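Single-structure report; data block below.
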Amino acid sequence: MEYLMSYDLSTFQWFLAILCGMIIGMSKTGISGAGLIAVPILAAIFGGRPSVGLLLPMLIIADLFAVKFYNRHANWKYVIKLLPWTVAGILIALFVGKSVNDQQFRGMIALVVIVGIALMIYQDLRRKNLEVPSSWWFSAILGLGSGFATMIGNASGPLMAFYLLSMRLPKNIYIGTGAWFFLIVNLFKVPLHVFVWKTISLESLTFDMIMMLPIIAGAFLGYYLIKLIPERAYRIFIMATTLASAIALF
């Protein structure tokens, strides 16, 4: 409790932090794109670098629930295809992260996502898939970008959504594949945050434990809400929330 009091948060800031926990839980069990909203809110409350370390364990808690709900629906071909490039992107970000301007980097990611959404809309209008997403370099670029973004600010959700939606995966396969991918990636990042960037400590984990209840509540809420959304409406919803998340990165 003494550590929690050291944050000196107002009632409104505690409310925002708890709301972020619920949003993170919902984003991992189907309400994709919503979780990115938590990034700028937590950064505003705790500061940029400390917020990254606080957010990562919260994401892992939500990832575990997402995997529990959708573990049977993952398409491992896409997970394995992206992981080597994503790890490379994480390692690059690990060494250059201290000199990178977070705001500029988020702006670049936002531009990439907006272009990606335009490409998906073009695909839908043509009513047939483009050949570009199946190319190896497409996976390499998206994997490197996702790895860099997730290490710098836990902000790779829009890029991953763009990649999986480009593959036109069914709703449950889309969620299950993303759930396993992010769980593996986030667990890989933990020792890097603990030993290299030192943004995760026993003290920060105390705060994360407080956020467990909001995250769990959000995970169940997102799981049941997503069942009410039809397949086509879900695709439109994902593109809309991803676009909103990309704009929020500015």
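The values are calculated or read from the model by the stated rules, or taken from the named source; none is laboratory data. Quantities reported herein were computed from a predicted structural model and do not represent experimental measurements. Every residue, glycine among them, receives a Cβ derived from its backbone with ideal geometry; neighbour counts consider all protein chains shown.
Here are the numbers for this structure:
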| read-out | value |
| --- | --- |
| Among the residues listed as ALA233, ALA219, the single one being without any contact (Cβ under 8 Å) to a residue 12 or more places away in the chain and among the small types (Gly, Ala, Ser) | ALA233 |
| Condition met for ALA161 (farther than 16 Å from GLY25 by Cβ, outside any helix (DSSP H, G or I) and either within 18 Å of the chain's Cα centre (by Cα) or of a type in the set (Asp, Glu) (or both)) | no |
| Residue that is nearest to the chain's Cα centre (by Cα) [pool: residues in region 1-41 that are modelled with pLDDT of 85 or more and under 12 Å from LEU55 (Cβ atoms)] | ILE24 |
| Pairs, first closer than 14 Å to LEU42 by Cα and assigned to a helix (DSSP H, G or I) in region 10-30, second modelled with pLDDT of 90 or more and of a type in the set (Val, Ile, Thr), C-beta under 7 Å, six or more apart | GLY21/ILE215; ILE24/ILE215 |
| Answer residue from region 197-211, given it is in a helix (DSSP H, G or I) and of a type in the set (A, V, I, L, M, F, W, C) and is farthest from LEU91 (Cα to Cα) among those | ILE210 |
| Flag if ALA44 is small (Gly, Ala, Ser) and surrounded by fewer than 18 Cβ atoms within 10 Å (Cβ to Cβ) | yes |
